[in-house]
Amino acid sequence: MENLLINSSFETGSTAHFTEKNSSITSLYHHTGKFCCLFPGGNNPSYLLQSVPIRPEVQLKLTLFLAKVGENPGPLVTLTLGYQTVTFKFIEYGLKVEINSNELPDIIQGNWLEVSQTIQPPPPNAAYAQVMITKPGKTGSADLLIDDIQLWDTHEIDAVHGGTVEKLNKAPQSPQQVKLMQLTGLELLVPNVVGTTGAIGATGPIGVTGASGFTGITGATGPPVTTTYGQIYNTANQSVTSGSAITFNANAHLSNITHTTSTGNIVVSTAGTYYVTFSVTGQSVILSAKPLAFAIYNNGTLVPNMNFGITSPSVSLTTGDYQVNGSAMVSVASGDTLTLRNTTGATITLPTGIGNQTVINASVTLVRLT
């Protein structure tokens, strides 16, 4: 009887007539002859395949011999036979089986596993049969040896020898526990001709939220908060003539800024750009609409962007209070003296309180920005 596969025992010293990946020929071990094929163990997958022409009425049977090398667990081995059209387009599987790693004997002890499988008949449009042997990558797995791969047409044998088919097709006598798999899918067949890419399937459902990741490393320390700031304010009754500076009777949170109570001079220790704000409450008199204007001076010179004022909104029949506020960024040198001066052109009275409450009638706040 004729083996349909060519170079099935690798006696050419090569894998000629096979398509292969990650395989080699070795003369250290062999079932018959001088050579066999070796799939190296470890993480890299391997495969070996060959397509052969077949007749429509063919009845195929596949036999081969397998072994592992050494004490490490053998790899999982998958055997398939796929039918193809005249253009090498896949039709269906006639065989798809797995051989578990614990079924492979150790060649060091001189043992081989004989695998013998009857193939399902081909469909009417089949022109080729493709035999494929694969193993996935697995860390720590042993080398796999393959030898004497034989694909028989048992229909032809029966025609010549009459009545032998049943004997050739029966299961192997040794218990191999070879597991039949469902003959569906193309995942293990490597066709000789690449077909047209199929349509993209529907998007699957969103999976569950994964676990939170590790906490990241601590970032760099940011720039320090300013250490130069202060508030200077007044609560006492005071009459401030035009051009004069307000004197302040209290301080709050002074840092690198100096002010002596009951004086008007505010001394800055650190040069830089400051955000400066002020507020002044003036008291109007009966039947007058007196304006109210105040400005920051630096070393006796008006700071142009710190001169603010208002006019009383209406003529009052009684006395009342109204307020002017100002704010701006001011450049200051170390040792400069700031004052808050009356620029109204008339004397301004600062009230002492509202009802029985003592309130701030004048205030300056400084914060160094840069």
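What follows draws every value from the coordinates through simple rules; no lab data is involved. What you are looking at is a predicted structure, and each value in this text was computed from that prediction instead of being measured. Because the Cβ atoms are built from the backbone with ideal geometry, glycine has one as well, and the counts that use them run over all protein chains shown.
Beta carbons within 10 angstrom, averaged per residue: use that to sort the peptides 120-128, 221-229, highest first.
In decreasing order of mean packing, 120-128, 221-229 become 120-128, 221-229.
Kindly give Rg over Rh for region 21-111, based on alpha-carbon atoms, with the Kirkwood expression for the hydrodynamic radius.
1.01
In nm, give the distance between the simple-model label positions of Phe214 and His253, each being 7 Å from the Cα along the Cα-to-Cβ direction.
Those two pseudo-labels are separated by 4.1 nm.
With each label point set 7 Å from Cα along the Cα-Cβ vector, what nm distance links Asn111 and Gln357?
Using points 7 Å along Cα→Cβ, the separation is 9.9 nm.
Going 7 Å from the Cα of Val267 in the Cα-to-Cβ direction, what parts of region 326-344 have a backbone nitrogen less than 14 Å from that spot?
Once the point is set 7 Å along Cα→Cβ of Val267, 334-339 turn out to lie under 14 Å by backbone N, inside region 326-344.
Tell me, what is the FRET efficiency for Val52 and Thr139 to the nearest 0.05, using R0 = 45 angstrom and their Cβ-Cβ distance as r?
0.80
Pairs of alpha-carbon atoms within less than 8 angstrom and 6+ residues apart define the contacts here; what relative contact order does region 12-166 have, in percent?
Result for region 12-166 is 35 percent.
Rank-order 251-260, 3-12, 65-74 by packing density, defined as the average count of other C-beta atoms within 10 Å over each peptide's residues, highest first.
Highest to lowest by the protection proxy: 65-74, 3-12, 251-260.
Calculate the FRET efficiency for Thr32 and Thr197 from the Cβ-Cβ distance with a Förster distance of 41 Å, rounded to the nearest 0.05.
Calculated transfer efficiency: 0.45.
What is the packing order of peptides 338-349, 52-63, taking the mean over residues of other C-beta atoms within 10 Å and listing the highest first?
338-349, 52-63
If you average over every viewing direction, what projected area does the convex hull of the Cα atoms of region 1-64 give, in nm²?
About 5.4 nm², averaged over all directions.
Could you list, in their original order, any pairs among Lys34/Lys89; Lys21/Lys89; Lys89/Lys138 whose Cα atoms are separated by more than 29 Å?
Those over the limit are Lys34/Lys89; Lys89/Lys138.
Along Cα→Cβ, 7 Å out, is where each label goes; now give me the distance between the ones at Asn325 and Thr85 in nm to one decimal.
Distance between the two pseudo-spin positions: 8.4 nm.
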